1. For Trp100 paired with Asp74, estimate the spin-label separation in nm (one decimal), with each label point 7 Å from Cα along the Cα-to-Cβ line.
2. So, in nm, how far is label Ala31 from label Ser84 when the simple model puts each one 7 Å beyond its Cα toward the Cβ?
Amino acid sequence: MSQTDSAPLWTSPQEFEASLKALLIAARGSAIAFDRSWTFRREDDHPDLMVEVTRLASDPDTTRTCGEHTPTMDETEFETELSSLLRDAHLSGIGFDRAWTFRCTDGLDLMVEITRLAKR
């Protein structure tokens, strides 16, 4: 079975948003650094994308997470999960070139911008 056959496809932008937030919570609990960007370039029919994650004004010393059970992942696992999430979102018709803002109960606010890049 190909990855596309097993990919979870969303029926609404809200489901994508919830999955994106869950991934960010897991990354934060695993000490993945934010205030940076990731670029995903593909040779297939999926768009080239840049994802920027920015911490908004909040308590920088906050150590609690906004999820109760946070899985552990490293930077490579985060990038792989983010790439898969973007591919699934594209297949589901989720629009990019926009931003999402997430407020966590522990005081950390994040903004995620996903931008289509010009093809090489």
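Quick note: the coordinates plus some simple rules give every number you see, no bench work behind them. Remember, it's a predicted structure, so these values are computed and weren't measured experimentally. Quick reminder, even Gly has a Cβ in these numbers, built from the backbone with ideal geometry, and neighbours come from all protein chains shown.
1. Those two pseudo-labels are separated by 2.6 nm.
2. Once both label points are built, they end up 2.4 nm from each other.
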